[in-house]
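Encoded as structure tokens, here's the structure I'll be asking about.
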Amino acid sequence: MIIDTTEIETINSFSKLESLKEVYGIIWMLVPIVTLVLGITIGVLVIVWLEREISAGIQQRIGPEYAGPLGILQALADGTKLLLKENLIPSTGDTRLFSIGPSIAVISIFLSYSVIPFGDHLVLADLSIGVFFWIAISSIAPVGLLMSGYGSNNKYSFLGGLRAAAQSISYEIPLALCVLSISLLSNSLSTVDIVEAQSKYGFWGWNLWRQPIGFIVFLISSLAECERLPFDLPEAEEELVAGYQTEYSGIKFGLFYIASYLNLLVSSLFVTVLYLGGWNLSIPYIFVPDIFGINKGGKVFGTLIGIFITLAKTYLFLFIPIATRWTLPRLRMDQLLNLGWKFLLPISLGNLLLTTSSQLLSL
Amino acid sequence: MFLLYEYDFFWAFLIISILVPILAFFISGVLAPISKGPEKLSTYESGIEPMGDAWLQFRIRYYMFALVFVVFDVETVFLYPWAMSFDVLGVSVFIEAFIFVLILIIGLVYAWRKGALEWS
């Protein structure tokens, strides 16, 4: 009997140890995720500040200057204000759809960050379907917009929601075809492999030079997917007040606001990963560890440099969407659909066939 | 659910990102003031009394676009596996994929000629 009990005790303690190990495993899994979420949030704050400063520069005004040095804390102040505002739900609307809509938009865009490599193999989940995962996840967001447009029971909102859905489905196909051409070149859908395929010839190894048509189509489609200014028909102020967010106030409006900037950041990051060589320094004949004399011990430093290069490329690229906002006028709905279906779709199909033909020659 | 190891992070990230809006709603529910009024909660229609419901039947012009979208989206999904095993399959399968794309281009031209892509 005594032996039996001790055996059971040992088994119990063993299983306790195992469960403790599992708990530690889960906690260790949460650390990078929480770090990523915090990093993304700071990234969004930086984008908001950058957009305000660049817009101010283009329009020859000063821009935010009172909140913190150079107005850096302006975005934080805006967010706090939205958190303290009253939440209004229109009495005739559908309460559930009204609340779920912005949540779906934010969640789906957050998820697409999990496949972005920020540094050398520094990626949350190196899925073998990486880029395809992004395309699949990002097409959930319009469902949220449609829900919020319908749930508001407001004519402006409903029209805005419909427009958002129509726009994002029209531009999703050229986007997917461009990504397909890229993954043909690197023969993998994993984002890490795509970056590594561009690392060989430095600056000249970028997919930008091998896929110039694809890059332009990707740029236009991603602007349309983000509902940035030449394509911001879903929230065209002159026609639809604010589109699907007309009835929103307080933190729910804030979620839409965050979602739009998160989307901008993620597409800019994907431009960096797919076309601009990701975390590589990309200057030929210079090997980073040689300059700084890093051995295998200085891995942390190398990772930090990788993160810095990725973010530098991303934020430099962001100047293009922000400057476009103040340069181009808004399209009409028929022009938008014509551009998507009659111009970008045939061009991206042709680009795909061109890419496959050239790959066929090199087989 | 947790069969594929590389998707563990995805599920954990999904849970955390679901927590983000819930947390935001909770914090704002605690902090935000509440003052209700019938005028405040009425639908916004440029300041005048709202005329009727928005949930009514009207012609959605995006319907044909949605149909064409389904065709082309499925096509793109079919092309992805081919592109991934492109170097293994070689020329013969490339010709098959080319014919597949060609049929779809003919479909696009047909939809175009029939006016499915017109904003009328």
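The values are calculated or read from the model by the stated rules, or taken from the named source; none is laboratory data. What you are looking at is a predicted structure, and each value in this text was computed from that prediction instead of being measured. All Cβ positions, even for glycine, are placed from backbone atoms using ideal geometry, and neighbour counts span all protein chains on display.
Which residue is surrounded by the most Cβ atoms within 10 Å (Cβ to Cβ), if the candidates are limited to region A:162-181 and must be more than 10 Å from every other protein chain (Cβ to nearest Cβ) and not hydroxyl-bearing (Ser, Thr, Tyr)?
Looking at the filtered set, the residue picked out is A:CYS178.
Still on this structure: So how many residues does region A:189-206 have that are surrounded by fewer than 20 Cβ atoms within 10 Å (Cβ to Cβ) and within 22 Å of the chain's Cα centre (by Cα)?
3
Can you list the helices (runs of 4 or more DSSP H) found entirely within region B:55-113 that contain at least 2 residues being out of contact with any Leu (no Cβ under 6 Å at 6 or more places or on another chain) and within 25 Å of A:GLN167 (Cα to Cα)?
B:63-84, B:91-113
Here is a yes/no grid of residues against (1) at pLDDT 85 or above; (2) within 24 Å of the chain's Cα centre (by Cα):
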residue	(1), (2)
B:GLU49	no, no
B:ARG61	no, yes
B:PHE65	no, yes
B:PHE69	yes, yes
B:THR76	yes, yes
B:VAL88	no, no
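Kindly establish whether B:VAL93 is within 26 Å of A:GLN335 (Cα to Cα), surrounded by 13 or more Cβ atoms within 10 Å (Cβ to Cβ) and without any contact (Cβ under 8 Å) to a residue 40 or more places away in the chain.
No: the conditions fail for B:VAL93.
I've got another one for you. Answer yes or no as to whether B:ILE95 is under 30 Å from A:VAL179 (Cα atoms), modelled with pLDDT of 85 or more and more than 29 Å from the chain's Cα centre (by Cα).
yes
Then there is this: Can you pull out the residues in region B:41-76 that are within 30 Å of B:PHE100 (Cβ to Cβ) and either at the interface with chain A (Cβ under 8 Å from one of its Cβ atoms) or among the hydroxyl-bearing types (Ser, Thr, Tyr) (or both)?
Once the filter is applied, which keeps residues that are within 30 Å of B:PHE100 (Cβ to Cβ) and either at the interface with chain A (Cβ under 8 Å from one of its Cβ atoms) or among the hydroxyl-bearing types (Ser, Thr, Tyr) (or both), region B:41-76 yields B:TYR62, B:TYR63, B:PHE65, B:ALA66, B:VAL68, B:PHE69, B:PHE72, B:ASP73, B:THR76.
Per-residue answers, yes or no, for (1) at pLDDT below 85; (2) within 11 Å of chain B (Cβ to nearest Cβ):
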{"position": "A:LEU36", "(1), (2)": "no, yes"}
{"position": "A:VAL48", "(1), (2)": "no, no"}
{"position": "A:GLY57", "(1), (2)": "no, no"}
{"position": "A:ARG61", "(1), (2)": "no, no"}
{"position": "A:GLU65", "(1), (2)": "yes, no"}
{"position": "A:LEU84", "(1), (2)": "no, yes"}
{"position": "A:SER91", "(1), (2)": "yes, yes"}
{"position": "A:PHE98", "(1), (2)": "no, no"}
{"position": "A:GLY101", "(1), (2)": "no, yes"}
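Okay, next question. Can you work out which of the residues in region A:198-225 that are of a type in the set (D, E, K, R) and over 17 Å from A:VAL131 (Cα atoms) is modelled with the lowest pLDDT?
The extreme case among them is A:LYS200.
Moving on to the next point. So, of the residues in region A:82-99 that are over 26 Å from the mean Cα position of the chain (by Cα) and farther than 18 Å from B:PRO50 by Cβ, which turns out to be surrounded by the fewest Cβ atoms within 10 Å (Cβ to Cβ)?
Applying the filter and picking the extreme gives A:ARG96.
Being within 22 Å of A:SER183 (Cα to Cα), outside any helix (DSSP H, G or I) and hydroxyl-bearing (Ser, Thr, Tyr) is the filter here; which residues of region A:327-363 pass it?
Selection gives A:SER362 alone.
Residue check: is A:TRP209 surrounded by fewer than 19 Cβ atoms within 10 Å (Cβ to Cβ), in a helix (DSSP H, G or I), without any contact (Cβ under 8 Å) to a residue 24 or more places away in the chain and in the same structural domain as A:GLY243 (by the TED database)?
Judged against the criteria, A:TRP209 is a match.
While we're on this one: Could you tell me whether any residue of region B:22-34 is outside any helix (DSSP H, G or I), facing chain A (nearest Cβ under 7 Å), closer than 19 Å to A:TYR150 by Cβ and free of Cβ contacts under 8 Å to residues at least 60 places away in the same chain? Please lay out each step first, then the result.
Restricting attention to region B:22-34, the residues satisfying the condition of being outside any helix (DSSP H, G or I) are B:32-34.
If we keep only those that are facing chain A (nearest Cβ under 7 Å) as well, we get B:32-34.
Then drop every residue that is not closer than 19 Å to A:TYR150 by Cβ, which leaves none.
No; the residues of region B:22-34 include none that is outside any helix (DSSP H, G or I), facing chain A (nearest Cβ under 7 Å), closer than 19 Å to A:TYR150 by Cβ and free of Cβ contacts under 8 Å to residues at least 60 places away in the same chain.
If you don't mind, there's one more thing I want to ask. Test of understanding: among A:GLY144, A:GLY130, which residue is within 12 Å of chain B (Cβ to nearest Cβ), more than 28 Å from A:LEU360 (Cα to Cα) and touching a residue at least 40 places away in the same chain (Cβ under 8 Å)? Talk me through it step by step, then tell me what you get.
Details: A:GLY130 fails: more than 28 Å from A:LEU360 (Cα to Cα).
None of the others qualify; the one that does is A:GLY144.
Within region A:190-201, is even one residue touching a residue at least 24 places away in the same chain (Cβ under 8 Å) and more than 20 Å from A:ILE116 (Cα to Cα)?
Within region A:190-201, one or more residues are touching a residue at least 24 places away in the same chain (Cβ under 8 Å) and more than 20 Å from A:ILE116 (Cα to Cα).
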